[in-house]
1. Starting from the range 378-395, keep only residues that are part of a loop (DSSP other than H, G, I, E, B), then list their pairs with residues that are among the charged types (D, E, K, R) and at pLDDT below 85 whose Cβ atoms are within a distance under 9 Å, requiring at least 6 positions of separation or different chains.
2. Regarding Ser448, is this residue surrounded by fewer than 16 Cβ atoms within 10 Å (Cβ to Cβ) and of a type in the set (S, T, N, Q)?
3. Can you work out which of the residues in the range 395-414 that are surrounded by 15 or more Cβ atoms within 10 Å (Cβ to Cβ) and farther than 21 Å from Leu111 by Cβ is farthest from the chain's Cα centre (by Cα)?
4. From the list Pro374, Pro326, Pro334, which residue is touching a residue at least 12 places away in the same chain (Cβ under 8 Å), over 30 Å from Ala544 (Cβ atoms) and in a loop (DSSP other than H, G, I, E, B)?
5. Tell me, please, whether a residue that is buried (at least 19 other Cβ atoms within 10 Å of the Cβ) and touching a residue at least 40 places away in the same chain (Cβ under 8 Å) can be found in the range 56-77.
6. Could you look through the range 453-497, keep only residues that are modelled with pLDDT under 80 and small (Gly, Ala, Ser), and pick out the one that is nearest to Gly428 (Cα to Cα)?
7. In the set Val12, Val52, which member is under 30 Å from Arg317 (Cα atoms), in contact (Cβ under 8 Å) with a residue 40 or more places away in the chain and crowded, with 16+ Cβ neighbours inside 10 Å?
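The values are calculated or read from the model by the stated rules, or taken from the named source; none is laboratory data. Fair warning: this is a prediction, and the values are worked out from it, not measured in the lab. Here Cβ is always computed from backbone atoms with ideal geometry, including for glycine, and neighbour counts include all displayed protein chains.
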Amino acid sequence: MNGLPVADRGTVRRALRGLIRRDRRAVTLLLALHGAAAIAGLAPPWLLGAIVDRVGAGAGVATVDRLALAIGGAVVAQALLSRYAQYAGHRFGERAVAQLREEFVRSTLRLPVSVVERAGAGDLATRSSVDVATVGTTVRDVVPTIVISAVQLALLFGAIFLLHPLLGLAALVGLPSIWLVTRWYLRRATPAYLAEGAAAADLTEALTSTAEGARTVEALRLADDRIVYGTARIDRLWRARRATLTLRTVFFTVVEASYPLPVAAVLLVGGFLLQAGMVPLGAVVAAALYLQQAIEPLDRLLQWTEQAQRGFASFARVLGVGLVPPEPPGRASPPRGERLVVRDARFSYPDGKDVLHGIDLEVSPGERLAVVGPSGAGKSTLARLLAGIDAPRRGVVSIGGCPVTDLDPAERRRRIALVTQEHHVFIGSLRDNLAFAAPDASDERMRSALATVGADWSARLPDGLDTPLGDGARQLDSAEAQQLALARLVLADPHTLILDEATAALDPTTARRTERALAALLAGRTVIAIAHRLNTAHDADRVAVLEGGRITEIGSHDDLVRAGGSYAALWRSWHAEPRDETTAGPGPRATSPRPR
């Protein structure tokens, strides 16, 4: 599965019924208020017809005044009932949307990391923002409007049939064309809006990945390729939106052309019945007014039906996140020890060839291992296998004798932490951001963790740990955000740490200071560092050289330099370049040096 699934129609209908059942008292009140408002709305046309008949029969001004006063009372009653019905509807909608958002967040947090990465940030971001907002509009506004409009139409057409069955039949003249075009539209709308949502997610993913990898794009001169790639996604979204616009154009044109037909038919049939003495003039007037009054709810019904298709398509995408199976519970007993062992591990991504070829590796508890090698050698892939994010296609990765992927997810994360250069600052206070790693941590422990990773800026915040972070508040730059991520690591306190470019966003001086500060804290813990600054490899207990998905050399820094192999050549090349602690170099970035 390369993307997140989309729920089918049955799942969407069941979820919608579930939202209604949870708050059935509010739904009942909502329908009762709107029903009462619709009944009150039936009175004015009937009373106006009565005025026509009474005046024709010779009634005086007093009779007209009484009936006019009744019309005014009915209008006021309808306005008040509609006002409170809308109030109740919005309260119901907001509660339903809040529940939906909470369920979406829970479903998202249950997603396996590998599924999220294969789906891409664009798809998940679109579902969590655009789709959830569209569903919110649907639940809060669309569904109540559709139900209420349907009730109003049923009452209005029922009232016309009560005036005379032939008038009622004439009032239905425009419905066949509306019904046919609605069926035509509904069969095509959901797939079209799903395609539009997928195209929007694809474009978001393209723009996000290009923006986040801007330096790489510039360094490798890929700007033209990314422009072509992005333009193709923009073109796909444009074509998808044009397809949905075409559907709306046909749909609304036919609907608007159908509105005058029943009014004309009722007037023609009413004139014939009036001439034949079968109905009074007031009944014809009332029927015409009822039809005129029916145009507004019918128009709302059809317009919101179009919006409902967007909402149901978005609802299907939102619910699809919950269809991904969560990480399975652990099948293994707790590990007996902390030794990390890799035996003949081979791994390939979906529809691709192997990127790791028979990796054999042992890491003793408390050891510091640096993994170096050229870009594309498989270093980050190996880190993911060691952390249990992915399972090897063949072979085994175990800790304490237990396969890493067989451990309970909570137990695995408690023992092994993977920290990359990707980081996130959540909207909330600095304390909230740190509490994700250790909810029970004291303020003093949080400040200590920030000091450990060299986050001096935290001491200068105006409100300390209560300082709001994120949009509209204190914005952290990439280096500060990475230090925040490392502080979370300190608070989480795992035994085995896998650091994949964990200090990449820091300048060399800050990175080196942070690495030295972490080193004292990490004494006695197992540290595996994907090294891009070779001083990290120099400080490690052992260095593993990964080339072409294979470990070609492994040993201490001194032994590998003496051996004169690829690591020695890399070291001489890197060490010969003029560099100091204040200039960035192309060499490895990484992590926790061994205490010296």
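1. Taking only residues 6 or more apart or on different chains, the pairs are Gly388/Asp406; Gly388/Arg412; Gly388/Arg413; Ile389/Glu117; Arg393/Asp354.
2. Numbers: surrounded by fewer than 16 Cβ atoms within 10 Å (Cβ to Cβ): yes; of a type in the set (S, T, N, Q): yes.
Yes; evaluated as a whole, the condition is true for this residue.
3. Taking the candidates together, the pick is Gly400.
4. Numbers: Pro374 fails: over 30 Å from Ala544 (Cβ atoms); Pro334 fails: over 30 Å from Ala544 (Cβ atoms).
Of Pro374, Pro326, Pro334, the one residue that is touching a residue at least 12 places away in the same chain (Cβ under 8 Å), over 30 Å from Ala544 (Cβ atoms) and in a loop (DSSP other than H, G, I, E, B) is Pro326.
5. no
6. Out of the qualifying residues, it is Gly470.
7. Sole residue among the options that is under 30 Å from Arg317 (Cα atoms), in contact (Cβ under 8 Å) with a residue 40 or more places away in the chain and crowded, with 16+ Cβ neighbours inside 10 Å: Val12.
Okay, residues lined up against (1) touching a Gly at 6+ places or on another chain (Cβ under 7 Å); (2) in a helix (DSSP H, G or I); (3) free of Cβ contacts under 8 Å to residues at least 12 places away in the same chain:
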{"site": "Thr204", "(1), (2), (3)": "yes, yes, no"}
{"site": "Tyr229", "(1), (2), (3)": "no, yes, no"}
{"site": "Leu237", "(1), (2), (3)": "no, yes, no"}
{"site": "Thr253", "(1), (2), (3)": "no, yes, yes"}
